[in-house]
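Trainee: Input: one structure, supplied below.
The values are calculated or read from the model by the stated rules, or taken from the named source; none is laboratory data. Predicted model, so just to flag it, every value in this text is computed and none were measured. Ideal geometry is used to build each Cβ from the backbone, glycine not excepted, and the neighbour counts take in all protein chains shown.
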C-alpha cells in the first residue's frame with residue numbers, strides 16, 4: 001500500500017526512532033508499504049520517519065541506478081547489490097569508514113531540493129532483517145551513501161544538517177517555504193481530526 005511521504009517541517013522528521021522489539025506482521029506490512037512507496041516515488045531509500053512513524057526501520061534500493069555503482073557484502077560474502085535489493089534494515093547501527101567523499105543527494109521529504117553532502121565512502125552496518133535474523137553488511141558507492149542518509153533519518157538528522165553553511169543560505173527561502181506549507185498542512189490535518197473525533 002502506497003503511503004503519503006512526510007515533508008520537511010513535520011516534527012516527526014526530527015524524532016529519533018524507537019527501537020523495534022518485535023518484528024511482527026505490522027512491521028513486515030509497514031516495510032512492504034515503505035518499499036512500494038519508495039519505488040513509486042523513484043527514491044533509493046525511505047525511513048519510517050518519512051511516512052510518519054518514529055521507528056528504527058528503513059528500506060533501501062539502489063538497483064535502478066546505473067551511473068553510481070555500489071558494492072555489498074552481507075555476513076562477509078560479496079553479493080551483487082542488485083540481487084540483494086530492496087534491503088530492509090531493522091534497528092540498524094552504522095560504522096562509517098575513514099575516507100570521505102562529496103556527492104549529490106536529494107530526499108523524498110524535500111521535493112526538488114538537492115545538495116552536495118560529504119559522507120564516508122564505505123560503511124559497515126549491523127541490523128536485523130524482516131525474519132529477525134541479524135545481518136552484518138559492508139557497502140560502498142551509492143549504497144553506502146543511501147544507508148548513511150537513511151540511518152541519519154532514523155536519528156532525526158536531515159541531509160540539510162550536513163550541507164555547508166553557504167549551501168543552506170542559498171536554499172533558505174525554498175526551505176522556509178516548504179516548512180511553512182508543511183506546517184499549514186499538519187495544522188489542517190490536526191483540526192480535521194479534532195473535528196471528526198468530537
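Trainee: For the list (1) more than 30 Å from residue 182 (Cα to Cα); (2) touching a residue at least 40 places away in the same chain (Cβ under 8 Å); (3) assigned to a loop (DSSP other than H, G, I, E, B), I need the number of the one condition that residue 73 fails.
Mentor: (3)
Trainee: Got a sec? Which strands (runs of 3 or more DSSP E) wholly within region 77-153 have at least 1 residues that are surrounded by fewer than 21 Cβ atoms within 10 Å (Cβ to Cβ) and on the phi > 0 side of the Ramachandran plot?
Mentor: 87-96, 110-120
Trainee: Could you please let me know if residue 82 is at pLDDT below 95 and over 16 Å from the mean Cα position of the chain (by Cα)?
Mentor: Taking the combined requirement at face value, the residue satisfies it.
Trainee: May I pose another question? Would you check which residues across region 1-25 are assigned to a helix (DSSP H, G or I), surrounded by fewer than 18 Cβ atoms within 10 Å (Cβ to Cβ) and under 14 Å from the mean Cα position of the chain (by Cα) and list them?
Mentor: Result: 12, 14.
Trainee: Would a scan of region 26-33 turn up a residue that is modelled with pLDDT of 95 or more, within 23 Å of residue 93 (Cα to Cα), over 13 Å from the mean Cα position of the chain (by Cα) and not in a helix (DSSP H, G or I)?
Mentor: no
Trainee: It is to be established whether one or more residues within region 44-53 are over 11 Å from the mean Cα position of the chain (by Cα) and surrounded by 13 or more Cβ atoms within 10 Å (Cβ to Cβ).
Mentor: The answer is yes, given that some residue of region 44-53 is over 11 Å from the mean Cα position of the chain (by Cα) and surrounded by 13 or more Cβ atoms within 10 Å (Cβ to Cβ).
Trainee: Now, a different point. Could you go through region 113-121 and let me know if any residue there is in contact with a strand residue (DSSP E or B) (Cβ under 8 Å, 6 or more places away or on another chain), under 30 Å from residue 25 (Cβ atoms) and in contact (Cβ under 8 Å) with a residue 60 or more places away in the chain.
Mentor: no
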